[in-house]
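First comes the structure, then the notes that go with it.
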Amino acid sequence: MRALQYTAIGQPPEILDIDRPTPAAGQVLLRVSAAGLCHSDAFIMGLSATDYVYGLPLTLGHEGVGTVAELGEGATGVRVGDVVAVYGPWGCGQCVPCSRGEENYCLRAAELGITPPGLGAPGAMAEYMLVDDPRHLVPIKGLDPVQVVSLTDAGLTPYHAIKQELDLLQPGSTAVVIGAGGLGHVAVQILRAICSTTVIALDISDEKLDLATKIGAHHVLRSDTEASAAIHELTDGVGADVVLDFVGSQATLEIARTSVRVNGSIVIVGIGGGLLPSGFFSTPFGVRVRNPYWGTRDELVEVLELARTGQIHVEVEKFGLDDGPKAYERLHAGTIRGRAVLVP
Ligand code: NAD
Ligand code: ZN
Ligand code: ZN
């Protein structure tokens, strides 16, 4: 089968012919219908040999939807032919967070060598992929695989981040979304769908700001040194209740730090490598800071429901599997509108 693999540090990913996997006991084999590209893929492919820990060759793709093709011995709960989304943050299934469905915060995954598909385990950018357990599959019930595949990360991650902030997102509140890309453009829609908050979106690209307006942001601003003054102006001098940073660079964290209000919240989702100084004089009084990771299985079910009822959607740019390397070039150049999705 064809697969898009990262094979050598610093080199672009390539299409290779590899053996079609066979599901071992308890596993499920999917025929992949769609696989999404995430900026995190670009991040790991930019790491040096010393920092890269995901194994080579790596079949990319941690957003996947497919049709169940074969069940390993004893695998139950799904049937051949079911169309399912892959819940990617695989955990041990046994520790306390896993017992709550929070496998994204598994306490033992590292120790047990459990890694998500496309971030250690072979991912979705191939004609077939293995899923380690049926509990990591969620039926999409008639939704279009290409339209919903990115909800498994670009939807789930902001949904999880926003749900933790709902106490602050009351009517009259303001939420700032920094970076209206794959995750950010879904975040804007989730904020509009599940809370009554005013949404201000920031980006460095006019096209992304246009998209943010189109999908529901109340205000859009250039992400620059003037941004936090503009946010204060839009909030009667108070600042934003919640700042969701989908970039996480030093420059964007500085915008977050200077635009959040007293007792507000900064949520760092982007892995841009910036650090927020901590200490009594760093932020306004009472500000809390979180760095959420991915989301829980029940939240994925909820995100899919938001799509089913038409409250959120992903703007998709579709590519064939063979065009995967080109799609990553576009992602790297920042010219993807919404999310890029590969269709094997
Ligand atoms: P993306 O490339 O699709 O979008 C990034 C957006 O940020 C683009 O629109 C870009 O124009 C904009 N941008 C770049 N620099 C900016 C700046 N200085 N100010 C404002 N906007 C700026 O990326 P994505 O796939 O949406 O991922 C976003 C981030 O989230 C990445 O860092 C990714 O690795 C991370 N991520 C984190 C998690 C998690 O669990 N915490 C999960 C998925 C992705
Ligand atoms: Zn991702
Ligand atoms: Zn666990």
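For the reader, a short list of remarks on this structure follows.
- Residue among H136, H185, H160 that alone is touching an Asp or Glu at 6+ places or on another chain (Cβ under 7 Å), farther than 24 Å from T213 by Cβ and not small (G, A, S): H160
- Residues that are crowded, with 17+ Cβ neighbours inside 10 Å and either in contact (Cβ under 8 Å) with a residue 24 or more places away in the chain or at negative phi (or both) number at least 3 in the following strands (runs of 3 or more DSSP E) confined to segment 277-344: 339-343.
- Only one entry of A201, A180, A193 meets the criterion of being among the small types (G, A, S), more than 16 Å from ligand 3 (Cβ to nearest atom) and part of a helix (DSSP H, G or I), and that entry is A193.
- Filter result (closer than 17 Å to A327 by Cβ, within 14 Å of ligand 2 (Cβ to nearest atom) and of a type outside the set (A, V, I, L, M, F, W, C)) within segment 47-69: G61, H62, E63, G64
- Pairing residues of segment 191-207 that are closer than 23 Å to E299 by Cα with residues that are within 16 Å of ligand 2 (Cβ to nearest atom) and open to solvent by 20 Å² or more (accessible area, probe 1.4 Å), at Cβ distances under 8 Å and at least 6 apart in sequence or on separate chains, gives no pairs at all.
- Of the residues making up segment 146-161, none is within 16 Å of ligand 2 (Cβ to nearest atom), more than 25 Å from Q250 (Cα to Cα), modelled with pLDDT of 95 or more and part of a loop (DSSP other than H, G, I, E, B).
- Of all residues in segment 252-276 being open to solvent by 70 Å² or more (accessible area, probe 1.4 Å) and within 22 Å of G334 (Cα to Cα), the one that is farthest from ligand 1 (Cβ to nearest atom): E254
- Conditions (1) surrounded by 17 or more Cβ atoms within 10 Å (Cβ to Cβ); (2) of a type outside the set (A, V, I, L, M, F, W, C); (3) more than 16 Å from ligand 2 (Cβ to nearest atom): number failed by G120: (3)
- Residue under evaluation F280, criteria (1) out of contact with any Gly (no Cβ under 9 Å at 6 or more places or on another chain); (2) modelled with pLDDT of 95 or more, criterion not met: (2)
- Residues of segment 60-83 that turn out to be under 20 Å from K318 (Cβ atoms), open to solvent by less than 20 Å² (accessible area, probe 1.4 Å) and either among the charged types (D, E, K, R) or out of contact with any helix residue (DSSP H, G or I) (no Cβ under 7 Å at 6 or more places or on another chain) (or both), as a count: 4
- One residue from T50, T76, T67 being among the hydroxyl-bearing types (S, T, Y), under 21 Å from T7 (Cβ atoms) and more than 16 Å from the chain's Cα centre (by Cα): T50
- Checked against the criterion of being within 11 Å of ligand 1 (Cβ to nearest atom) and buried (at least 24 other Cβ atoms within 10 Å of the Cβ), the candidates L183, L191 yield just one match: L183.
The values are calculated or read from the model by the stated rules, or taken from the named source; none is laboratory data. Small disclaimer: the values here were computed from a predicted structure and weren't measured. Glycine also receives a Cβ, built like all others from the backbone with ideal geometry; neighbour counts cover every protein chain displayed. Accessible surface areas use protein heavy atoms only, side chains included; no ligands, DNA or RNA. Shrake-Rupley method; radii C 1.70, N 1.55, O 1.52, S 1.80 Å.
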